[in-house]
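Structure first, commentary second.
The values are calculated or read from the model by the stated rules, or taken from the named source; none is laboratory data. Just so we're clear, the structure is a prediction, and the values are computed from it rather than from any experiment. Here the Cβ positions follow ideal geometry from the backbone for every residue, glycine too, while neighbour counts run over all protein chains shown. With ligands, DNA and RNA removed, areas are computed over all heavy atoms of the protein, side chains included. Shrake-Rupley method; radii C 1.70, N 1.55, O 1.52, S 1.80 Å.
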Protein chains: 2
Amino acid sequence: MSEQIAGYDFGAVPRSPVTMDELRRLEAALEFTTQDREMLSRARSVIADHAEGLVDGWRAIIGAHDFLSEWFVGPEGKPDDAYKAAVKKRFVQWVVDLVTRPFDQAWLDYQHEIGLRHTPTRKNQTDGAETPLLVPLRYLLAFIAPVALAVRPLLQTAGFAKEEIDLIHAAWTKAVILSVTLWSAPYVRDGLW
Amino acid sequence: MSEQIAGYDFGAVPRSPVTMDELRRLEAALEFTTQDREMLSRARSVIADHAEGLVDGWRAIIGAHDFLSEWFVGPEGKPDDAYKAAVKKRFVQWVVDLVTRPFDQAWLDYQHEIGLRHTPTRKNQTDGAETPLLVPLRYLLAFIAPVALAVRPLLQTAGFAKEEIDLIHAAWTKAVILSVTLWSAPYVRDGLW
């Protein structure tokens, strides 16, 4: 299935400058444990099955604000719909990956690639687009909130027990923060990340 | 009370380079609304009364990992206890401020100051300490997770209704992410924040 996603180069991107040891330290700082991994597994099918709906919800927030949607605008001042559609498929796959893939070297490498694709180093290249060369880091960080919070109603609808919902939601929140933390590396001044 | 906190210079720091308009945009990206403000007010006394306990919990995570506690170590290779104690009081006050202060110009300015105090520009200066000149951004970001998640058990113990707990916890999570997003600005390459 993932072969059908243009530009989804998981497993075929350069090595992240972040080491696996550093990834494990970040997991420890987040308190991401084997229980969290187990909780993500438990919610895997629910979250993966609803990944497109989740992304549609986040896209609606972006669409509601010029200062968020302007990063998808082409040189003629109109939204680049082909770019938006291409990015969306990879955004959906990121959700699926977050609940299905181990946080191993390939996953680590791909998080760095995702970060780069939001910066002038690599934005637009994957899709041959001509949108602005950046999504500012502040919006990636702020967007942790809607991405982390959107999963709880989904879990409630899916009928998980209350205690399970809390644990799954915590695991999801940690995974999102870990991923976006890794995306932030290319934005940061030398030696400060 | 806050006059007793050494180095707590709220209201007496330079203007943040981030504008109030930008702060409002970040709030919109986070979906931080008047309802969230109301929810923080509702939990104000519970969270503020337990702020020191919350910070103790986060400090325990830091203390459990050399790669987190090393930023508090003095030139002799031992933890700088005076520095730790001074920083702790301000950390507690940050929790209190997050649920009591409006997100206005003074608050915005102080978030930038807090960010700077984690970077070589300003770390150690407030307390005349000689610890490493940095807390790496990746650990500030990763720490959003324990800081966001620790409040839910507190709200449960305090006897809030389930729906209220979800709403207050969401508001707290957004507020934490907003604050740390503002802290990140001094770490980021020119033009990429």
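Details
- Of all the residues in the stretch B:32-60, those that are open to solvent by 20 Å² or more (accessible area, probe 1.4 Å) and either in contact (Cβ under 8 Å) with a residue 24 or more places away in the chain or not hydroxyl-bearing (Ser, Thr, Tyr) (or both) number 17.
- Test for A:Gln125: is it more than 23 Å from B:Leu149 (Cβ to Cβ) and among the polar types (S, T, N, Q): yes
- When the test is whether a residue is open to solvent by 40 Å² or more (accessible area, probe 1.4 Å) and among the small types (Gly, Ala, Ser), B:Ala142 does not pass it.
- Selection count, the stretch A:20-50, where residues are of a type in the set (Ser, Thr, Tyr) and within 12 Å of chain B (Cβ to nearest Cβ): 1
A quick yes/no check of all residues on (1) of a type in the set (Lys, Arg); (2) open to solvent by less than 60 Å² (accessible area, probe 1.4 Å); (3) over 15 Å from A:Trp183 (Cα atoms); (4) without any contact (Cβ under 8 Å) to a residue 12 or more places away in the chain:
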{"site": "A:Asp66", "(1), (2), (3), (4)": "no, no, yes, yes"}
{"site": "A:Ala86", "(1), (2), (3), (4)": "no, yes, yes, no"}
{"site": "A:Leu116", "(1), (2), (3), (4)": "no, yes, no, no"}
{"site": "A:Val135", "(1), (2), (3), (4)": "no, yes, no, no"}
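- Test: A:Asp109 is modelled with pLDDT of 95 or more, within 22 Å of B:Tyr139 (Cβ to Cβ) and away from chain B (no Cβ under 13 Å): yes
- For the stretch B:1-34, the tally of residues that are part of a helix (DSSP H, G or I) and under 17 Å from B:Val92 (Cα atoms) stands at 3.
- Filtered by the rule that a residue be over 21 Å from A:Leu30 (Cβ atoms), surrounded by fewer than 18 Cβ atoms within 10 Å (Cβ to Cβ) and not hydroxyl-bearing (Ser, Thr, Tyr), the stretch B:146-163 gives B:Gln156, B:Ala158, B:Gly159, B:Ala161, B:Lys162, B:Glu163.
- Scanning the stretch B:133-169 for residues that are outside any helix (DSSP H, G or I) and at the interface with chain A (Cβ under 7 Å from one of its Cβ atoms) yields B:Leu134, B:Pro136, B:Phe143.
- Test: residue in the stretch A:81-93 that is over 15 Å from the mean Cα position of the chain (by Cα), part of a helix (DSSP H, G or I), among the aliphatic types (A, V, I, L, M) and at pLDDT 95 or above: yes
- Only one of A:Thr126, A:Thr121 that is touching a Gly at 6+ places or on another chain (Cβ under 6 Å), assigned to a loop (DSSP other than H, G, I, E, B) and either within 11 Å of chain B (Cβ to nearest Cβ) or open to solvent by 30 Å² or more (accessible area, probe 1.4 Å) (or both): A:Thr126
- The set of residues from the stretch B:170-193 being of a type outside the set (Gly, Ala, Ser), more than 7 Å from chain A (Cβ to nearest Cβ) and open to solvent by 10 Å² or more (accessible area, probe 1.4 Å) comprises B:Trp183, B:Pro186, B:Asp190.
- Leading residue by the ranking (most open to solvent (accessible area, probe 1.4 Å)) among those in the stretch A:68-80 that are at pLDDT 95 or above and of a type in the set (Asp, Glu): A:Glu70
- Residues that are out of contact with any helix residue (DSSP H, G or I) (no Cβ under 8 Å at 6 or more places or on another chain) and of a type in the set (A, V, I, L, M) within the stretch B:109-160 comprise just one, B:Leu133.
- Within the set A:Asp109, A:Asp97, A:Asp104, the sole residue that is of a type outside the set (A, V, I, L, M) and surrounded by fewer than 17 Cβ atoms within 10 Å (Cβ to Cβ) turns out to be A:Asp104.
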